[in-house]
Amino acid sequence: RCVLLYVFLQFAKNASHIDVIWCLLGVINNILLLPPPPTPPLPIRNSHFLQNKEILQAERRFLELLGKRVAPHSANADLLTSRVPTETLCEIPELKANPFRSRVCLVFCSEENQGLSFEDFLDMLSALSESASVEVKAHYAFRVFDFDGDGTLGKKDLKCLVNCLIGEENNLGDDDMELLIQNILAESDIDQDGTVNLSEFQHVITKSPDFASSFKITL
Ligand SMILES: [Ca+2]
Ligand SMILES: [Ca+2]
């Protein structure tokens, strides 16, 4: 505050009256009206679909997954630096029954094979939250289903998708699989290039009222 006043006095020597008044108002505002600056928040990228209480719950859960004692305010260093292995995350009850759990973890993992950071974890919870828009969910679901990561859902992706859904023990014969994939493409491949791109996928999703409610988890 002393520095501010000093700067103000130096400035006032050469400034017009209007400048002085504005500057004085700014100084008074800084000194008297503003509360002390808050502790810098964690750098959260994409948690805008989460409420504060959900973020706090995520903090507790993340620390539990790290095997840390639950003391969020004293353990922020762990939230900033530690990563939860994807294998650990796949075992949480909310994901365990999901046939795409490994893919979901992989899609939200910012560093390949390094596990999920707290920010990754929040991104995942945000996209899978009740409040996330269908567009956001469709974007991430598309990435989950794009097994080879080439930006479109080709026959191989659709085959992996079907196998994940029906389970490996129920694998379809080649003919049945081919027929099923042809049916999926007939429903969704609007430009008939043999693959489903993001906008075609979104078009299919908007016709499925159950999609948004199925693509979610709540801690
Ligand atoms: Ca693909
Ligand atoms: Ca297409």
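With label points built 7 Å along Cα→Cβ from the Cα atoms of CYS90 and LEU219, find their separation and express it in nm.
2.2 nm
Per residue of the stretch 194-208, what does 6.51 cos²θ - 1.76 cosθ + 1.60 with θ = phi - 60° give for ³J(HN,Hα)? Whole Hz please, x for Gly and Pro, Karplus curve as stated.
Coupling constants for the stretch 194-208: x, 9, 10, 8, 4, 6, 5, 4, 4, 4, 5, 4, 5, 8, 10 Hz.
Taking amide H positions as placed in the peptide plane 1.01 Å from N, state which residues far from VAL196 in sequence (5 or more) or on other chains have amide H under 5 Å from it.
For VAL196, the qualifying residues are LEU153, GLY154.
Would you grab the residues whose amide H sits under 5 Å from the one on LEU116? Only those 5+ places off in sequence or on another chain, please, with H modelled 1.01 Å from N.
Residues meeting the amide H criterion: VAL84, THR86.
Once amide H atoms are built 1.01 Å from N in the peptide plane, which residues 5 or more positions from PHE100, or in another chain, come under 5 Å H to H?
none
For LYS156 paired with ASP176, estimate the spin-label separation in nm (one decimal), with each label point 7 Å from Cα along the Cα-to-Cβ line.
According to this spin-label approximation, the distance is 2.4 nm.
Coordinate-derived values only; no laboratory data. The structure presented is a predicted model; accordingly, all values stated were derived computationally and were not measured. Glycine also receives a Cβ, built like all others from the backbone with ideal geometry; neighbour counts cover every protein chain displayed.
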